[in-house]
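The values are calculated or read from the model by the stated rules, or taken from the named source; none is laboratory data. Here the structure is a predicted model, which means the values were calculated and not measured. Positions of Cβ are generated from backbone atoms using ideal geometry, with glycine treated the same way; all protein chains shown enter the neighbour counts. What goes into the accessible areas is simple: the full protein's heavy atoms, side chains included, and nothing from ligands, DNA or RNA. Shrake-Rupley method; radii C 1.70, N 1.55, O 1.52, S 1.80 Å.
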Amino acid sequence: MKHSYIFEEGNWKAEGLYFDHENNGVGVYGETTIKHLKDEWVLDGFMELKIEKPVRFFNIYSIKPISDKKDYTEWTSENPALGKLIGKFMIIGDTILSSYISENGIYSGTECLYKIDESKYLNRGFAFNGENKLSSWEVTLERL
């Protein structure tokens, strides 16, 4: 299956719910820009919690382009709150899976991007701080 998210340059918005470590839910909005450079794909985005004083999380991924002969690739990210993250994307049919761990081994997480159509994905994920839940989310990604 051909994927549009990550594999094509573009802008995406995310809307849905974010859950904190105690499973308190709050609305969330985000935007992502994907650019393909010669030796890397760059995913630059933010997620903002819809609360009285909005909190915004930033992330910039450096993704190794996926060759035609592989169904996975590696990525790194500099996250202001979590530090350097090291992860992998795996393509399985209609789904892009992502898993990561922080360089210091403290933070880890998993994310699932399920393709609805060329301009829409369902995104579900979670993050852990050691053995404790940090956050989870359920959002819909739509191409702008």
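Report yes if K69 is modelled with pLDDT of 95 or more and of a type in the set (K, R), otherwise no. Spelling it out, it is not the case that K69 is modelled with pLDDT of 95 or more and of a type in the set (K, R).
Could you list, in sequence order, all residues of the stretch 61-76 that are assigned to a loop (DSSP other than H, G, I, E, B) and of a type in the set (V, I, T)? If you could, list the steps in order and put the result at the bottom.
Taking the stretch 61-76 first, the residues assigned to a loop (DSSP other than H, G, I, E, B) are 64-71.
Of everything in the stretch 61-76, just one residue is assigned to a loop (DSSP other than H, G, I, E, B) and of a type in the set (V, I, T), namely I66.
Of the set (1) open to solvent by 50 Å² or more (accessible area, probe 1.4 Å); (2) under 20 Å from N123 (Cβ atoms); (3) of a type in the set (S, T, Y), all apply to S67 but (2).
Select from the stretch 1-35 the residues that are assigned to a loop (DSSP other than H, G, I, E, B) and of a type in the set (D, E, K, R) and write down the one among them that is farthest from S67 (Cα to Cα).
Of all residues in the stretch 1-35, those assigned to a loop (DSSP other than H, G, I, E, B) come to 1-9, 20-24.
Of the ones still in play, those that are also of a type in the set (D, E, K, R) are 2, 8-9, 20, 22.
Values: K2: 13, E8: 14, E9: 16, D20: 36, E22: 40 Å.
Checked the stretch 1-35; the qualifying residue farthest from S67 (Cα to Cα) is E22.
Taken over the stretch 45-56, residues that are out of contact with any Leu (no Cβ under 7 Å at 6 or more places or on another chain) and either hydroxyl-bearing (S, T, Y) or surrounded by 12 or more Cβ atoms within 10 Å (Cβ to Cβ) (or both) amount to 6.
Candidates V26, V42: the one that is closer than 21 Å to L122 by Cβ and either surrounded by 15 or more Cβ atoms within 10 Å (Cβ to Cβ) or modelled with pLDDT of 95 or more (or both) is V26.
What is the residue count in the stretch 125-144 for residues that are in a strand (DSSP E or B) and either aliphatic (A, V, I, L, M) or touching a Gly at 6+ places or on another chain (Cβ under 9 Å) (or both)? It would help to see each step written out before you state the result.
Of the residues in the stretch 125-144, the ones in a strand (DSSP E or B) are 125-129, 132-143.
Still in the running and either aliphatic (A, V, I, L, M) or touching a Gly at 6+ places or on another chain (Cβ under 9 Å) (or both): 125-128, 134-141, 143.
Of the residues in that region, 13 qualify.
Within the bounds of the stretch 57-64, is there any residue that is touching a residue at least 40 places away in the same chain (Cβ under 8 Å), among the β-branched types (V, I, T), at positive phi and open to solvent by less than 90 Å² (accessible area, probe 1.4 Å)? Looking through the stretch 57-64, none of the residues is touching a residue at least 40 places away in the same chain (Cβ under 8 Å), among the β-branched types (V, I, T), at positive phi and open to solvent by less than 90 Å² (accessible area, probe 1.4 Å).
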